[in-house]
1. I'd like to know if the stretch 183-206 contains one or more residues that are touching a helix residue (DSSP H, G or I) at 6+ places or on another chain (Cβ under 8 Å), under 21 Å from Q220 (Cβ atoms) and basic (K, R).
2. Considering each residue of the stretch 168-215, count those that are assigned to a strand (DSSP E or B), buried (at least 17 other Cβ atoms within 10 Å of the Cβ) and of a type in the set (D, E, K, R), and give that number.
3. Considering each residue of the stretch 90-119, count those that are surrounded by fewer than 15 Cβ atoms within 10 Å (Cβ to Cβ) and among the hydrophobic types (A, V, I, L, M, F, W, C), and give that number.
4. Taking into account only those residues within the stretch 245-260 that are surrounded by fewer than 19 Cβ atoms within 10 Å (Cβ to Cβ) and touching a strand residue (DSSP E or B) at 6+ places or on another chain (Cβ under 9 Å), which is nearest to S143 (Cα to Cα)?
5. Any idea how many residues of the stretch 60-89 are surrounded by 17 or more Cβ atoms within 10 Å (Cβ to Cβ) and among the polar types (S, T, N, Q)?
6. Just checking, how many residues over the stretch 120-136 are crowded, with 22+ Cβ neighbours inside 10 Å and either over 26 Å from Q36 (Cβ atoms) or of a type in the set (S, T, N, Q) (or both)?
7. Would you confirm whether or not the stretch 1-10 contains a residue that is over 16 Å from the mean Cα position of the chain (by Cα), under 24 Å from I240 (Cα atoms) and at pLDDT 95 or above?
8. Is it true that some residue in the stretch 78-95 is within 22 Å of Y199 (Cα to Cα) and not small (G, A, S)?
Amino acid sequence: MRMEQTQWRGIAVWELQSADALARISCFGGQLLSWQPAGASEVFWCSPQLQPPRPLRGGVPLCWPWFGKHPHDPQAPAHGLARTAAWQLDRVQLLEDGRMHLRLSPLASLHPGLAVEQQLWIGRHLEQAITSHNVGSQVEPLSQALHSYFQVADITAVRLLGVDGHRYSDALADGRLELQQGDWQFDHQQHGGRCDRIYLDVAGPVILADCVQGRRLQLQAQGGRALVLWTPGPELGQQISDVGSGWQHYVCIEVANAGTDTRQLLPGQSHTLQQSIHLLD
């Protein structure tokens, strides 16, 4: 295993490589930016314009300890505090099965009642977990997401399997509940191609099928039953400075505690949200 702290696209990262995979994690936000299993192409999309202290668009931003807008403070930053904090690498080791195991934590406390840590298991498959601990004396609300930007050849030619029959809250229709019928596919006619949904009670795996690349990716959540699906579509994508024409080459599929799956942590209680990602072909 090789590990070094270096610069990638102008930001400080930890770069790790084993016989099974190459990965890069940003010191800013503790954010997994790149994962390339041996013999495969890059899994995550990342904007060519990474400009801290702005949140980094790409890889897997950590939305914590709230997802979306703060429930009570309209001045608080969207998607919480973790993705713009400095993180430290507490532990790295090569496991007997060849996977690289990392443990990371913020350099400073981000919330008076909650502590957080992240773990990564990186190899031909990827596992990622974020664990929250209530270190205070009162109940703490928690909503969060592993905000994965999956790279695709052309979003207009992908399908998401495993959501058929699930209800979803449509943020572009004032949160109206709808029922998914069939696989999800990009639809120019609905919201101009934009999609911003929270699928509810998703217990099983979902599969992202990239018909142009001929690649299928399986995503399984643990500790969360909400699945967020987001793409800006062409009009909004072109208006976002660090997206532009890149809107067509990613789709965000996020395991989450959000919507009806937000949590309340009692004093001394911990909760882990985890995702497992497998390349099927």
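The values are calculated or read from the model by the stated rules, or taken from the named source; none is laboratory data. Owing to the predicted nature of the structure, the values given are computational and were not obtained by experimental measurement. Virtual Cβ from ideal backbone geometry, glycine too; neighbours counted across all protein chains shown.
1. yes
2. Matching residues across the stretch 168-215 total 4.
3. Number of matching residues: 3.
4. Going through the qualifying residues, I end up with T260.
5. Result for the stretch 60-89: 1.
6. Summing the residues that are crowded, with 22+ Cβ neighbours inside 10 Å and either over 26 Å from Q36 (Cβ atoms) or of a type in the set (S, T, N, Q) (or both) in the stretch 120-136 gives 2.
7. Within the stretch 1-10, one or more residues are over 16 Å from the mean Cα position of the chain (by Cα), under 24 Å from I240 (Cα atoms) and at pLDDT 95 or above.
8. Yes, some residue in the stretch 78-95 is within 22 Å of Y199 (Cα to Cα) and not small (G, A, S).
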